[in-house]
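**Student:** Here's a structure for you.
The values are calculated or read from the model by the stated rules, or taken from the named source; none is laboratory data. None of the values given here were measured: they were computed from a predicted structure. A quick note on method: Cβ atoms are made from the backbone with ideal geometry, for glycine too, and the neighbour counts reach across all protein chains shown. All accessible areas refer to the heavy atoms of the entire protein, side chains included, with ligands and DNA or RNA removed. Shrake-Rupley method; radii C 1.70, N 1.55, O 1.52, S 1.80 Å.
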Amino acid sequence: MTTVLVKRAMFAAARRRVLYVDHSKFEARALHALLPLSDFDTVIVDAGTPDEHLDRLRRAGIDLVVAGPDNT
């Protein structure tokens with residue numbers, strides 16, 4: 001729980017909030033959630049992220065960047 005509180009404090013103090021997450025995190029379940037993805041200014045995912053997740057994020061209005069071999 002302390003880790004979540006520290007991360008939330010850092011998030012609150014940040015001017016720009018960017019999340020980098022790889023494709024494996026979209027199928028995993030966690031014991032806790034830090035924040036909704038919509039709270040981040042930009043979400044960066046890897047090219048292995050399934051299209052269904054990319055489409056869902058885009059429909060939610062999230063500023064999405066797909067990083068990968070074609071985007072370097």
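**Student:** List pairs: first residue in region 1-20 and over 22 Å from V45 (Cα atoms), second residue exposed (fewer than 10 other Cβ atoms within 10 Å of the Cβ) and at pLDDT below 90 anywhere in the structure, Cβ distance under 9 angstrom, at least six positions apart or on different chains.
**Tutor:** Close Cβ pairs (under 9 Å, with a partner that is exposed (fewer than 10 other Cβ atoms within 10 Å of the Cβ) and at pLDDT below 90) amount to M1/H32; T3/H32.
**Student:** Just give me the residues in region 28-72 being modelled with pLDDT under 80 and surrounded by 11 or more Cβ atoms within 10 Å (Cβ to Cβ), in sequence order.
**Tutor:** Listed by number, the list holds a single entry, L34.
**Student:** Something else: What number of residues within region 3-27 satisfy the criterion of being among the hydroxyl-bearing types (S, T, Y), out of contact with any Gly (no Cβ under 9 Å at 6 or more places or on another chain) and open to solvent by less than 100 Å² (accessible area, probe 1.4 Å)?
**Tutor:** 1
**Student:** Contact list please: Cβ distance under 8 Å, first residue in region 34-51 and touching a residue at least 40 places away in the same chain (Cβ under 8 Å), second residue in a loop (DSSP other than H, G, I, E, B) and acidic (D, E), pairs at least six apart or on different chains.
**Tutor:** none
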